[in-house]
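*Asks:* Mind having a look at this structure? Questions to follow.
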């Protein structure tokens, strides 16, 4: 019914459109909050679980191969439900949470893949925690915020861009060493 | 080539900043030196992950901002009570007590009178298994090789039907009342041990569960009708008045059951002992009730508990154990002819055998 709207929202999300993110968030959070509050959870639990599910969704659309096989609402609900069950009872699925929607779409594979991503995420976070400043900010400025070497040199007081660039490479090598040293 | 120079070259290579000859030379180098090749891959992976982390953190930051707009979920407000003087309250309470006692008393007396005059006419339709059937059963269990119920056919029999894919069944309370053990058996002769998990004496309903926790059936072909249906609607049932499943057809004849029981329908349908607990379906194949009993003074007057009441009962079951969604699936019986409907339905209707 609303599948076209869902698809538009997902396209927006893939292009980092803030409005789409907000709409998806506000449209779906109450439903998830309700489910979690009804199943021994708190509002904070609801927020954590829902944001975790949003990350799953976001990273899937970023990869560009996400095909929505159900309504977006149903997908998010299924992911949250599964995540919450997992939190409640470890890995053992003892019984289904009260279910008012149609047959939940299969999300097992998605969530297994997500676990790997989460592992890499925390590896990277740990490595970044170890490289220290100014390395962390230099790398973030250059590779994520896409600032020019000149701006970075200015900000950190390097005499020229070439020096800053050398520093950036040293930082990157340190990060690389730390990241791949973790198993 | 020192490390910094190499990493710089890798970056230029990956960013597409090399000229064509440089690129070619680097490709050759990459192919010949597996260490360099590995470094390129690692560099790619590292930056990919680095950016993914950045994006994820950015997303979280944005979501925090959005979340801040959401008002805290309102806790159910405690009802505000207007304070009256203590004296008024006492007076009111006293009056209420007297009124309550009087009306309860009257109701009790009236009910007792009504019951005395009419219980004689109501008879439930569980089946007392007689000797002929015992021997029939003994014969049957000789050829039944799959799963055997105890040779003893049990003391009482009735019918039950599936309400979930995981082995939950509904039947009449009077069928299983006082049971030591319960077995249910399908039309193929496969028997399963079952336990009663919920009993509601007032509506004469009970929920059974197949003891084997690994039990899974195909998805249920019928759904549960929520709205009451009106007299005149054609209905049908399948039950076990004998060791073979038997089809019966009739119509709803009144909106209330025995003695004006609003939880039940009166149904004009042939039922026999053993039909207790059988599903009652409308022409579309939706379950509209559960056969419970009949009026002994006249033939063809039966009663069935309304499905709406069954739904309320199921809502009381522990949510984590019993999945309600199985009964909300697409109805597979709609639009089929009766023969096809029965073929699908009979797999989900079981004979109940009670030992006590």
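*Asks:* Which residues, counting only those in the stretch A:21-47, are part of a helix (DSSP H, G or I), in contact (Cβ under 8 Å) with a residue 40 or more places away in the chain and facing chain B (nearest Cβ under 10 Å)?
*Replies:* A:24, the sole residue that qualifies.
*Asks:* For residue A:16, which of the numbered conditions (1) closer than 30 Å to residue A:145 by Cβ; (2) assigned to a helix (DSSP H, G or I) fails to hold?
*Replies:* (2)
*Asks:* Exactly one of (1) buried (at least 18 other Cβ atoms within 10 Å of the Cβ); (2) under 26 Å from the mean Cα position of the chain (by Cα) is unmet by residue B:262. Its number?
*Replies:* If we test residue B:262 against (1) buried (at least 18 other Cβ atoms within 10 Å of the Cβ); (2) under 26 Å from the mean Cα position of the chain (by Cα), just (1) comes out false.
*Asks:* Additional query: I'd like to know if the stretch A:63-79 contains one or more residues that are modelled with pLDDT of 85 or more and either within 12 Å of another protein chain (Cβ to nearest Cβ) or surrounded by fewer than 17 Cβ atoms within 10 Å (Cβ to Cβ) (or both).
*Replies:* Yes, that holds for at least one residue.
*Asks:* Still on this structure, please answer the following. Would you confirm whether or not the stretch A:97-107 contains a residue that is part of a helix (DSSP H, G or I) and either modelled with pLDDT under 85 or surrounded by fewer than 18 Cβ atoms within 10 Å (Cβ to Cβ) (or both)?
*Replies:* no
*Asks:* Is it the case that some residue within the stretch B:318-341 is part of a helix (DSSP H, G or I), more than 14 Å from every other protein chain (Cβ to nearest Cβ), without any contact (Cβ under 8 Å) to a residue 40 or more places away in the chain and over 16 Å from the mean Cα position of the chain (by Cα)?
*Replies:* Yes, the stretch B:318-341 contains a residue that is part of a helix (DSSP H, G or I), more than 14 Å from every other protein chain (Cβ to nearest Cβ), without any contact (Cβ under 8 Å) to a residue 40 or more places away in the chain and over 16 Å from the mean Cα position of the chain (by Cα).
*Asks:* Select from the stretch A:125-137 the residues that are under 12 Å from residue A:175 (Cα atoms) and part of a helix (DSSP H, G or I) and list them in ascending order.
*Replies:* Once the filter is applied, which keeps residues that are under 12 Å from residue A:175 (Cα atoms) and part of a helix (DSSP H, G or I), the stretch A:125-137 yields A:125, A:126, A:127, A:128, A:129, A:130, A:131, A:135, A:136.
*Asks:* Let me ask something additional. Would you pick out the residues in the stretch A:8-19 that are away from every other protein chain (no Cβ under 11 Å) and surrounded by 18 or more Cβ atoms within 10 Å (Cβ to Cβ)?
*Replies:* A:9, A:10, A:12, listed by residue number.
*Asks:* (1) away from chain B (no Cβ under 12 Å); (2) in a helix (DSSP H, G or I); (3) loosely packed, with under 14 Cβ neighbours inside 10 Å: which one isn't true of residue A:122, the others all being true?
*Replies:* Every listed condition holds for residue A:122 apart from (1).
*Asks:* Mind telling me which of the residues B:88, B:78 ends up being modelled with pLDDT under 75 and surrounded by 10 or more Cβ atoms within 10 Å (Cβ to Cβ)?
*Replies:* Result of the check over B:88, B:78: B:88.
*Asks:* Right, next: What number of residues within the stretch B:298-317 are assigned to a helix (DSSP H, G or I), away from every other protein chain (no Cβ under 14 Å) and within 17 Å of residue B:160 (Cβ to Cβ)?
*Replies:* Looking only at that region, the number is 4.
*Asks:* Among the residues in the stretch B:274-296, are any surrounded by fewer than 18 Cβ atoms within 10 Å (Cβ to Cβ) and closer than 14 Å to residue B:207 by Cα? Spell out the reasoning first.
*Replies:* From the stretch B:274-296, those surrounded by fewer than 18 Cβ atoms within 10 Å (Cβ to Cβ) are B:283-284, B:295-296; that's our starting set.
Retained after the next criterion (residues that are closer than 14 Å to residue B:207 by Cα): none.
Within the stretch B:274-296, none of the residues are surrounded by fewer than 18 Cβ atoms within 10 Å (Cβ to Cβ) and closer than 14 Å to residue B:207 by Cα.
*Asks:* Looking only at the stretch A:146-166, count how many residues are within 30 Å of the chain's Cα centre (by Cα), within 11 Å of chain B (Cβ to nearest Cβ) and surrounded by 13 or more Cβ atoms within 10 Å (Cβ to Cβ).
*Replies:* Total satisfying the criteria: 1.
*Asks:* Please enumerate the residues belonging to the stretch A:105-119 that are touching a residue at least 12 places away in the same chain (Cβ under 8 Å) and at the interface with chain B (Cβ under 10 Å from one of its Cβ atoms).
*Replies:* The one that is touching a residue at least 12 places away in the same chain (Cβ under 8 Å) and at the interface with chain B (Cβ under 10 Å from one of its Cβ atoms): A:117.
*Asks:* From B:50, B:26, grab the single residue that is without any contact (Cβ under 8 Å) to a residue 24 or more places away in the chain, farther than 18 Å from residue A:18 by Cα, assigned to a helix (DSSP H, G or I) and more than 12 Å from every other protein chain (Cβ to nearest Cβ).
*Replies:* B:26
*Asks:* Here is a further query. Taking the criterion of being more than 24 Å from residue B:54 (Cα to Cα), part of a helix (DSSP H, G or I) and in contact (Cβ under 8 Å) with a residue 12 or more places away in the chain, would at least one residue in the stretch A:48-56 satisfy it?
*Replies:* Looking through the stretch A:48-56, none of the residues is more than 24 Å from residue B:54 (Cα to Cα), part of a helix (DSSP H, G or I) and in contact (Cβ under 8 Å) with a residue 12 or more places away in the chain.
The values are calculated or read from the model by the stated rules, or taken from the named source; none is laboratory data. Just so it is clear, the model here is predicted, and its values are computed rather than measured. Cβ: placed from backbone, ideal geometry, glycine included. Neighbour counts: every protein chain shown.
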